[in-house]
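Reviewing the structure listed below.
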Amino acid sequence: MFISKFMTRDVVTLDRESDIAEARTQMTRYRIRHLPVTRPDSTLIGIVSDRDIRSAMPSAYFHDHEIPEIEAGQLTGVLVQEIMTKDPVSVSLSSTLQDALLLIEKTRVGAFPVVDENLKVVGIVSD
């Protein structure tokens, strides 16, 4: 079975200039743990996880699920590009589900962006 049958197609992405408060808000809103970071043309340049954000946030926010507006404004100094994993492992549309499962086991990464031949994000697959 090709990965295209199992991937999420409506991928929420971020620009590298987004701050971590925006990333956290998007993750909470869409109930996701990974956000691909893309250029304006949807080319994959990185990925940020909820763990990356928790590590970058002050400890007072560590366990909060939602950030009040005032507190979120205090986090705008940290940009996604500063905490993202650059050049993340990704899978192609021609990959199989077995390929993705083996990659998850090998890399211990919880999600992989699915990219086309031009490295544009077309989906995401996660554990």
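See the values below:
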read-out	value
Highest-fluctuation residue, Val78, Val91, Val114 considered, GNM on the chain with Cα pairs under 10 Å	Val78
Nearest-20 debye value, the chain charge dipole, Cβ charges on Lys, Arg, Asp, Glu	380
Beta bridges by DSSP in the chain, antiparallel share as percent, to the nearest 5	80
Cα gyration tensor shape for the range 1-42, rounded if a/c is under 1.5, else prolate or oblate	oblate
Max mean-square fluctuation residue, GNM over the chain, Cα-Cα springs under 10 Å, options Leu93, Leu35, Leu102	Leu102
Average accessible area per residue (Å²) across the chain - probe 1.4 Å, nucleic acids and ligands excluded	62
Label of the coordinate-derived value, Rg and Dmax of the Cα atoms in Å, listed as (i) 14.8, 47; (ii) 14.9, 53; (iii) 14.6, 44	(i)
Charge sum, other residues only, whose C-beta stays under 10 Å from Ala23's C-beta, Lys/Arg counted +1 and Asp/Glu -1	-3
0 to 90° range, to nearest 10: angle between helix 97-107 axis and the chain longest Cα axis	50
Accessible area of the chain belonging to carbon and sulfur atoms, whole % at 1.4 Å probe	48
For the chain, calculated [θ]222 nm from helices alone, where every DSSP H run of n ≥ 4 adds -39500 (n - 2.57)	-8000 deg cm²/dmol
Max mean-square fluctuation residue, GNM over the chain, Cα-Cα springs under 10 Å, options Ile53, Ile20, Ile32	Ile32
Longest DSSP-loop-exposure-free segment, GluC sites (Glu not before Pro), the chain, at most 14 other Cβ within 10 Å	67-116
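The values are calculated or read from the model by the stated rules, or taken from the named source; none is laboratory data. Keep in mind that this is a model prediction, so the values were computed, not measured. Positions of Cβ are generated from backbone atoms using ideal geometry, with glycine treated the same way; all protein chains shown enter the neighbour counts. With ligands, DNA and RNA removed, areas are computed over all heavy atoms of the protein, side chains included. Shrake-Rupley method; radii C 1.70, N 1.55, O 1.52, S 1.80 Å.
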